[in-house]
1. For the subset of region A:238-275 comprising residues that are within 16 Å of A:Glu373 (Cβ to Cβ) and assigned to a helix (DSSP H, G or I), which member is nearest to the other protein chains (Cβ to nearest Cβ)?
2. Within region A:469-485, is even one residue in a loop (DSSP other than H, G, I, E, B) and in contact with a strand residue (DSSP E or B) (Cβ under 6 Å, 6 or more places away or on another chain)?
3. Just name the residue that is modelled with the highest pLDDT out of those in region A:331-361 that are more than 31 Å from the chain's Cα centre (by Cα) and more than 14 Å from A:Ile484 (Cβ to Cβ).
4. Can you tell me which residue within region B:72-81, out of those that are at pLDDT 95 or above and either touching a helix residue (DSSP H, G or I) at 6+ places or on another chain (Cβ under 7 Å) or within 11 Å of ligand 2 (Cβ to nearest atom) (or both), is nearest to the other protein chains (Cβ to nearest Cβ)?
5. Output the residues belonging to region A:583-593 that are over 29 Å from A:Val630 (Cα atoms) and either touching a strand residue (DSSP E or B) at 6+ places or on another chain (Cβ under 9 Å) or crowded, with 24+ Cβ neighbours inside 10 Å (or both).
6. Can you name the residue in region A:362-385 that is surrounded by fewer than 17 Cβ atoms within 10 Å (Cβ to Cβ) and touching a residue at least 24 places away in the same chain (Cβ under 8 Å) and, of all such residues, is nearest to the chain's Cα centre (by Cα)?
7. Sort through A:Gly297, A:Gly318 and tell me the only one that's at the interface with chain B (Cβ under 10 Å from one of its Cβ atoms), open to solvent by less than 50 Å² (accessible area, probe 1.4 Å) and more than 30 Å from the chain's Cα centre (by Cα).
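The values are calculated or read from the model by the stated rules, or taken from the named source; none is laboratory data. Just so it is clear, the model here is predicted, and its values are computed rather than measured. Positions of Cβ are generated from backbone atoms using ideal geometry, with glycine treated the same way; all protein chains shown enter the neighbour counts. The area values use the complete protein model at the heavy-atom level, side chains included, leaving out ligands, DNA and RNA. Shrake-Rupley method; radii C 1.70, N 1.55, O 1.52, S 1.80 Å.
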Amino acid sequence: MGKLNRRAFLASGAVLGGGLLLAYFAIPKRLSLHADAGDDRLFLATWLRIAPDGAVTVLVPHAEMGQGVHTALPMMLAEELDADWPQVRVEQAPAEGVYAVGDLVRGFGIGDWRIPSALLRQVDYAAYRIADLIHMQTTGGSSSVRFTGHLGMRRAGAAARNLLLQAAARRWQVGISECQTDSGHVLHPPSGRSAGYGDLAEAAARERLDPDPPLKARARYRICGRPLARVDLPALVTGSARFGIDIRLPGMKFAAIRHAPVFDGVAVSCDAAAVRGLPGVQRVVKLPSAVVVVADGFWQATNALRGLPVEFDEGAHGRFNSEELTKEFDHMLSGADPTVDARIGQPEAVLAAAEDPIEAVYEIPFLAHATMEPVNCTAWFRDGKLDIWTGTQDPLATRARGAQIADLDTDAVTVHPVPLGGGFGRRLPSHLNYVEDAVRVAMEVPFPIQMIWSREEDIQHDYYRPAGKSRFRARIGSDLRPLIWDNVYTDIGLNEDRDAALIPYDIPNQRIGRVRHKTPVPLGYWRSVEHSMHGFFTESFVDELAHRAGADPLSYRLGLLKNRPRHRAVLSRAADLLGWGTAPEVGRGCGLALCECFGSIVAEAVQIRVSGDGELRVERVTAAVDPGEVINPDIAAAQIEGGIVFGLGAALWGRISIEQGRVVQGNFSDYELMRLADCPEITVEFIESGAAIGGLGEVGVPPVAAALANAIFAASGRRIRRLPMLGPERRLMG
Amino acid sequence: MKFKLMVNEQVRPIDADEATPLLWVIRETLGLTGTKFGCGIGACGACTVHVNGRPMRSCVVPVRAVASAAVTTIEGLGASSMHPVQQAWIDAQVPQCGYCQTGVIMTVAALLEENPEPSEDDLARQLSNLCRCGTYTRMRKAIRILRRS
Ligand code: FES
Ligand code: FES
């Protein structure tokens with residue numbers, strides 16, 4: 001096998017499996033396209049290159065959106081490589097098939113199944129193929145470190161280290177077992193010889209690759225587990241970082257857009273002549289469901305758009321109303337038989353025997369993402385080729401979508417990944433309306449355009465976290481433990497992880513099911529997805545049961561978690577950090593909640609103060625998280641802190657309501673987010689149980705709304721079953 | 001309308017409608033993209049610059065209003081070396097996505113210029129910028145570092 005193919009293999013080596021039938025495919029020639037002939041750097045692996053001067057460059061196939069992945073992933077690779085961290089450079093991998101995130105497919109597809117080493121190569125290639133075919137280069141699901149990092153980066157680093165060791169041993173004519181590595185060097189202690197990685201890199205590429213190299217014992221880590229500074233912060237504090245909205249191209253014009261106000265509405269016509277003569281205006285473009293003005297500047301485009309007479313057709317949903325949907329939810333919950341996803345024991349019988357079951361219904365609204373950088377996309381069509389610059393959680397899918405809209409071959413489309421001014425799910429492949437709009441306009445004009453959505457468009461034409469209700473019924477036995485847990489929730493779509501409604505508690509009879517309903521509202525993945533709902537539902541209700549049983553909510557939960565040591569550990573720790581059990585002053589209260597999601601287990605505790613007239617102050621939040629292993633504790637803590645703020649803001653104020661088919665809220669004046677003044681003191685601790693590595697980007701979100709509601713109950717006896725909690729004057733509602 | 005604007009200690013000739021918000025003149029005419037667009041209604045602070053040393057949300061300031069003023073953007077704040085606020089922001093590892101942070105840094109820099117020892121309450125009142133990533137804990141930490149030095 002030639003050198004190029006070996007490189008190709010490393011690239012695929014980081015990828016996924018399942019399709020063992022592909023086992024006999026040769027390692028594809030086309031992967032070796034990326035061998036970069038004429039480049040003085042030498043590729044040891046797709047995700048790693050070592051230059052003759054010893055600089056190690058790691059190509060990260062995931063988007064940086066603030067989660068620190070451009071630091072954490074290279075740390076994992078550098079650790080196994082035994083690299084010298086200051087010599088490590090990080091680059092965003094381009095949006096090309098060879099960087100398809102096969103590890104994600106493997107991670108989600110076959111879990112932690114240990115692949116026999118003889119099959120590894122084939123499995124990897126199969127995984128790569130699948131990822132490539134579905135254009136998958138996704139950053140989401142708290143998956144980067146779990147899959148690309150653990151399955152890909154680590155192995156690439158370890159495999160490369162082996163090659164360097166082999167090359168050194170051959171050069172010195174010594175046994176490989178006599179050699180060792182340290183900070184970017186191979187050493188041969190018996191003779192005192194040493195050689196830098198850069199010096200060995202070329203020879204190493206001719207060595208034979210071990211596709212399943214052993215990984216380091218954690219006790220020997222020098223890079224992972226340390227709070228190393230993020231590599232990309234200097235550019236962020238000086239303003240030199242270029243987000244999608246900062247792209248500037250020669251001759252570029254700016255585009256402002258107004259969508260049909262009602263979901264699925266149509267732009268029938270517009271009177272372009274009315275604005276054509278206005279300063280700077282270049283074009284008026286009517287899209288199927290929107291109108292666009294292209295002008296020299298964004299302000300000019302916005303002004304002209306405001307004055308542009310447009311006729312929209314409302315389509316079928318001009319009467320849709322989220323208030324009525326709520327009533328429909330009640331109807332659903334009391335009517336149709338649910339689809340049952342989990343059943344333990346004899347739930348129906350036990351429930352039927354319950355005289356007077358404890359019952360509660362919880363409710364949550366639609367939510368928008370509101371990334372700080374409004375969605376935008378820059379596109380340029382020239383000479384039959386389309387270039388796209390945009391913040392996306394999946395550059396490959398963006399390329400495929402762009403090609404589809406422009407009716408071009410994928411090869412004719414290039415996506416230039418840029419850092420994202422926030423993601424939270426908004427820029428995932430199923431939510432690319434902002435790319436589609438920009439591409440359509442770019443195909444009609446001879447210059448590059450940058451389309452920026454106003455904040456109003458961004459909030460009113462998002463893909464929303466589903467609204468829903470969840471009904472619980474339970475009965476407590478004579479030992480005060482729950483005998484039955486019956487939960488039925490509304491499912492209006494985007495409810496793929498049915499496990500999110502499961503509970504870790506030992507309750508002998510359980511039934512968990514859902515009733516389905518369709519709405520015209522575009523739905524989207526929103527940081528922590530289903531867990532953002534069920535975390536509030538289930539952890540509120542378990543708290544209600546504890547109070548019914550007259551028990552302390554902490555010890556009640558612990559009593560139901562006998563066989564769950566990891567859950568018990570995080571719960572106890574979060575409670576300790578808050579000082580659980582100290583007698584509360586009047587008006588103060590503490591609440592707890594626990595969730596298992598994205599492979600991690602997280603408990604949060606909240607302390608609040610509430611006045612008699614409902615004025616609420618969230619004072620402190622503590623979190624204890626067991627993600628198995630922590631790569632960079634400082635980045636990890638930042639993710640949890642951010643998740644807590646995200647979840648708290650939503651619990652307090654977040655609501656998208658729809659009237660006459662139109663989103664009511666439009667900007668931060670009516671879609672409020674948390675600000676510094678409202679932000680509690682937050683303490684985060686990690687428990688590294690050594691279990692399989694879990695995600696962190698989303699796990700801070702799910703428990704916090706319930707912990708807050710539980711704290712309010714403890715302080716005031718008011719049970720909040722409906723989000724958001726605050727109404728006018730920022731006082732607690734009902 | 002043609003006029004001159006003093007930005008980051010340089011006089012720049014501008015040709016723009018006088019009602020254009022300063023934000024777009026900075027980002028598009030002058031190509032200084034460190035100042036960000038977040039809401040366009042003065043509600044988020046991403047577009048904060050200094051006008052005669054005072055923090056202003058440039059998305060709601062018509063450019064005519066600053067024609068004879070000195071404007072500083074993030075590019076001018078730490079032009080020669082990092083401003084102490086920028087350094088503290090790195091020391092406390094504040095930014096996540098970073099999109100809001102140039103506006104936050106400009107706000108804090110102006111605030112500390114005026115009052116080097118702000119109380120928590122002063123801060124809460126005056127630092128009302130939005131950060132969707134939720135970096136407020138780190139902002140507080142960075143400001144504590146600044147207070148100490
Ligand atoms: S963009 Fe100016 S305050 Fe938000
Ligand atoms: S760091 Fe992302 S919005 Fe503040």
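1. The selected residue is A:Asp246.
2. To start, the set of residues in region A:469-485 that are in a loop (DSSP other than H, G, I, E, B) comprises A:477-481.
Right, trim to in contact with a strand residue (DSSP E or B) (Cβ under 6 Å, 6 or more places away or on another chain) and you get A:477.
Yes.
3. A:His331
4. To start, the set of residues in region B:72-81 that are at pLDDT 95 or above comprises B:72-77.
Still in the list and also either touching a helix residue (DSSP H, G or I) at 6+ places or on another chain (Cβ under 7 Å) or within 11 Å of ligand 2 (Cβ to nearest atom) (or both): B:73-74, B:77.
Numbers: B:Thr73: 7, B:Ile74: 4, B:Leu77: 8 Å.
Among them, the one singled out is B:Ile74.
5. Going through region A:583-593, the residues over 29 Å from A:Val630 (Cα atoms) turn out to be A:583-589.
Matches in region A:583-593: A:Pro584, A:Glu585, A:Gly587, A:Arg588, A:Gly589.
6. Here is the first cut: in region A:362-385, the residues surrounded by fewer than 17 Cβ atoms within 10 Å (Cβ to Cβ) are A:382-385.
Among the residues that remain, those that are also touching a residue at least 24 places away in the same chain (Cβ under 8 Å) are: A:382, A:384-385.
Details: A:Arg382: 34, A:Gly384: 34, A:Lys385: 31 Å.
Once the filter is applied, the top-ranked residue is A:Lys385.
7. A:Gly297
Condition check ((1) away from chain B (no Cβ under 14 Å); (2) open to solvent by less than 10 Å² (accessible area, probe 1.4 Å); (3) over 22 Å from B:Val94 (Cα atoms); (4) of a type in the set (Gly, Ala, Ser)) across all residues:
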position: A:Cys595; (1), (2), (3), (4): yes, no, yes, no
position: A:Asp613; (1), (2), (3), (4): yes, no, yes, no
position: A:Thr622; (1), (2), (3), (4): no, yes, no, no
position: A:Val625; (1), (2), (3), (4): yes, yes, no, no
position: A:Ala637; (1), (2), (3), (4): no, no, no, yes
position: A:Gly642; (1), (2), (3), (4): no, yes, no, yes
